[in-house]
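The block underneath contains the structure these notes are about, expressed in structure tokens.
The values are calculated or read from the model by the stated rules, or taken from the named source; none is laboratory data. A quick note: this is a predicted structure, and the numbers were derived from the prediction, not measured. Reconstructed Cβ throughout: ideal geometry from the backbone, glycine too, with neighbour counts over all protein chains shown.
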Amino acid sequence: MKPTEAMENETDQDAEYAKPVDETPPRPFSSLVVVDFHAMSDKGHVRTQNEDHFLVLRGGRAIETVMSNLGDSQPGDLFEETAFGMVVADGVGGEVAGEVASRQAIYTLLSLALHTPDWNFRWGPRERNTVMWRMKDRFRRVNAALLRDSASNTSLGGMCTTMTAAISHGDDLIVGHIGDSRAYLLHEGKLVRLTRDHTLGARLVEDGTHSPNDRLVQELRNVLMQALGSRETECVPDVHDYLLEDGDQVLLCTDGLSDMVEDRLIETVLNEAASAKAACRSLVDLALSNGGRDNVTAIVARYSIPSRE
């Protein structure tokens, strides 16, 4: 007799029940990670208003003993898991529409996260994959929401936005991205770009037909090939995972920073700044002093990660 799906599930459950139960509470790790955050945004010297938006979050799940006569559990005992999130969005499509698109994209992403019935706060390979799948799915849902909003309101026609988001849990980092905002990682003093620009100029370089300094590449470096809410481009967000180490720094920024400040200077600032706030201030000031031709936004996260031993 061929087993039914229900019978197979029962067999899997029986196998799980047969495993010994670890009665020792898990040792804290993610809740011991300390992150020095700061974020800053400026409209720059040319634009009349700021179409960039950002959000930084700390989330957690905790169980606290209130009363017990168990010898190993006392009132006040806390079992806690902690995660951090950050996102930047750069609106496109005119002063009103661009500002609305970037703001609404972040609000929609936050709403989708808050309506998730099961938050994964103890990550193994399966949970990490679930978070990555949800990140990609939420980008697509945000895209659909922006398309609906622009279709129902003629004043918002053509609005779209870039969005780069990161979530960290313990030493795990997941980055979701679409457009030409960027995520960087400073590791052992070296700056590494974690995202690729979804622009026509970047595509020419990726295809190997042009060099990064080619005049045509420079002219097309801000022509988006992907953006949330755009009817002319597809929505295929990039989602990748990374492993953080103690002392690492993560930078999320809009192209108002990356177009105005070279990567080598960003690296120097992150290495020399005494705090995330000082790093943000220096990066924004550099972008403004170099012309400030666009809105500029930066989020800096500096990680202090304990040893697992």
TODO: Output the residue which, of all residues in segment 215-236 that are within 23 Å of LEU191 (Cβ to Cβ) and assigned to a loop (DSSP other than H, G, I, E, B), is modelled with the lowest pLDDT.
DONE: ARG221
- [ ] Evaluate the following for LEU191: is it within 15 Å of the chain's Cα centre (by Cα) and either at pLDDT 95 or above or aliphatic (A, V, I, L, M) (or both)?
- [x] no
- [ ] Might you check whether a residue that is assigned to a helix (DSSP H, G or I), within 21 Å of the chain's Cα centre (by Cα) and either of a type in the set (Phe, Trp, Tyr) or crowded, with 23+ Cβ neighbours inside 10 Å (or both) occurs anywhere in segment 286-307?
- [x] no
Open item on the list: Just checking, does segment 146-160 include any residue being of a type outside the set (Ser, Thr, Tyr) and under 25 Å from ALA301 (Cβ atoms)?
Closed with: no
Open item on the list: Can you tell me which residue is nearest to the chain's Cα centre (by Cα) among those in segment 251-267 that are surrounded by 14 or more Cβ atoms within 10 Å (Cβ to Cβ) and not hydrophobic (A, V, I, L, M, F, W, C)?
Closed with: THR254
Task: Count of segment 258-279 residues which are assigned to a helix (DSSP H, G or I) and either among the aromatic types (Phe, Trp, Tyr) or farther than 20 Å from ASP180 by Cβ (or both) - done: 9
- [ ] Any chance you could count how many residues in segment 85-133 are among the basic types (Lys, Arg) and more than 25 Å from ILE63 (Cα to Cα)?
- [x] 1
